[in-house]
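Below is one structure; the comments refer to it alone.
Values quoted throughout were computed directly from the atomic coordinates according to the rules given, and no laboratory measurement underlies them. Remember, predicted model here, so these are calculated numbers, not experimental data. For neighbour counting, all protein chains shown are included, and Cβ atoms are generated from backbone atoms with ideal geometry for every residue, glycine included.
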Amino acid sequence: MNTASQTNERGNRRALFIGGVGYGIVCGLTFPLMISNTFLREMSLSHGAGDSFGALFFLAYAAAMLVLALWHLISHRPLPSSSLAVALGAVFLGNVLMLLHNLSVIEGGWPYAIVTGLSIGFGLATAELGWMEKLVSAGKDDTVLLPRMVSLAYLVGGVAAAFIFFAIGPVELTFALLIILLSGMLLMRMPKAIAPIQNIAPSRSDNITLVKAISCLAVFSFVFGAASQMVETSSHSGIITIEFQATISIIGAALIFLAASLSRKHIVPISDPYGLLFPIVAGALVALPFIATPWVHGIASILIFAAFYLSGMNVRIIVSQLSRGDHLLLWVYLGCALGIGSLLVIVGVAFGATVLSHGSPETALALVSLISLFILALNPILAHRIEKRASLVASPNDSATPDTSSTQAPEDSVESFARKHSLTARESEVLLLLCQGRTRTYIADELGLSPNTIKGYIRSIYQKGGSVDKQDLLDRIELFRNRQ
């Protein structure tokens, strides 16, 4: 049993690693679209920064996220298992068209731009959700490894984006085609996981957490879009390009999030990153319009960009937790979160570009910074109102229907059950965490033991409690509590 368990655990870790790299490739193709979206001047079509058609790509990406979320919400049916492969094929086709155009084999124009933009934008959105589904399927029972694999994906994406940013013409597009093929090869090596399809019925607390997560990402998305225009304006006379700043911020954010996931035993609450990032981003926004030193501008913009990418990683993990392994919920939640965030990036870009095109540069920069600070400060107010409204809705029900079925707390029942069946002190701790819905990996980290040791304790608890599995054990504890 131990050998089989270790083999299964190694298989899950291998699947998570493959999924992290495959997803990272998709991120590496998407990150340049975010930065390309921030430039509103040229009418050429390429993959890297400096092209206004990045807005077309990114708008198609945002629209696809929302359409996919709506489709899953209404139909209650998942996409076919081949959808991820089809999405990668669409991205590959779009890049082939771009390469042919770059080599002057085909002409440009709006028909070519629309076909290419839609193909890549919709393909990347579907591929991102599909790869996240693969990651969640492989790591749904491991709340520790999943955040690390999302960090790995951002690291891989940052490196790939750096090459795309700084490569030129055919080299850039050939590299994009090669990594798309690599993502497809990794997809073929991912084990097939069958997850139960449930009805989409999120609880009130799930909805509150989701709204808070989306509001956090939305705020930083707008600030990212608006600040990128400030960065682009100031970088014309500076030595640090926006492409370099974006690359550093992606990789830096991934390393920070990886360090946080290595040091914590559970997922970071959505309020924690915002509370930490707010003063940093606020200070950076104040510095951008009033300090002319190029390296200070570079540091300030990197901090703003890193906050955006950190909030993106955080919302992906929060949504993965809320979906509880349900693929439909994952597509609905993540599609809504990323779609709304992407649209607000575009709104921020349009706002920043409009303001900076009128009046003096100093006044325009100050106005962009002031509005961004105002939007940034709205988030804790919104989160407080959401929590207050939820407590007002829940409190009448709580007072009207108090729970009088038992005067004994569940923890007391578990402890009594443990004493009744002669469980050791360590087995009692494991049992209590099991009853709280914790996974084996979580319990191992919480108690500072290996997962295999925890598995041995759980097997001993089953034997002493006369249970065959976890549900049987929980039923016996509930029956024991009712008899007391």
With R₀ set to 51 angstrom, the calculated FRET efficiency between the beta-carbons of Thr424 and His358, to the nearest 0.05, is 0.10
Two pseudo-spin positions, 7 Å from Cα along C-beta at Phe480 and at Leu255, lie apart in nanometres by 5.0 nm
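Taking the Cα centre of segment 433-484 as origin, work out the dipole magnitude from +1 charges on Lys and Arg Cβ and -1 charges on Asp and Glu Cβ, in debye rounded to 20.
Numbers: 9 positive and 6 negative charges, 29 e Å.
Using only the charged Cβ atoms, the result is roughly 140 debye.
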Expected sort for 55-61, 103-109, 220-226, 419-425 on mean C-beta neighbours within 10 Å, highest first, is 220-226, 55-61, 419-425, 103-109
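Show me the ranking of peptides 78-86, 466-474 by mean Cβ neighbours inside 10 Å, starting with the highest. The partial results should precede the final answer.
Numbers: 78-86: 14.8, 466-474: 13.0.
In decreasing order of mean packing, 78-86, 466-474 become 78-86, 466-474.
Can you give me the relative contact order of segment 410-483 as a percent, contacts being Cα pairs under 8 Å and 6 or more apart? Mind showing how you got there, number by number?
Values: 51 pairs, mean separation 23.9, N = 74.
Result for segment 410-483 is 32 percent.
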The FRET efficiency for Ser450 and Ser81, from their Cβ-Cβ distance with R0 = 30 Å and rounded to 0.05, is 0.30
Cα extents of segment 410-483 per principal axis, largest first, Å, are 35, 21, 20
A correct Karplus calculation of ³J(HN,Hα) over segment 149-160, with 6.51 cos²θ - 1.76 cosθ + 1.60, θ = phi - 60°, whole Hz and x for Gly and Pro, returns 6, 5, 4, 4, 4, 5, 5, 4, x, x, 5, 4
Counting only residues 5 or more apart in sequence or on a different chain, those whose built amide H sits under 5 Å from that of Leu449 are none
With a Förster distance of 60 angstrom and the Cβ-Cβ distance between Gln471 and Ala350, calculated FRET efficiency to the nearest 0.05 equals 0.70
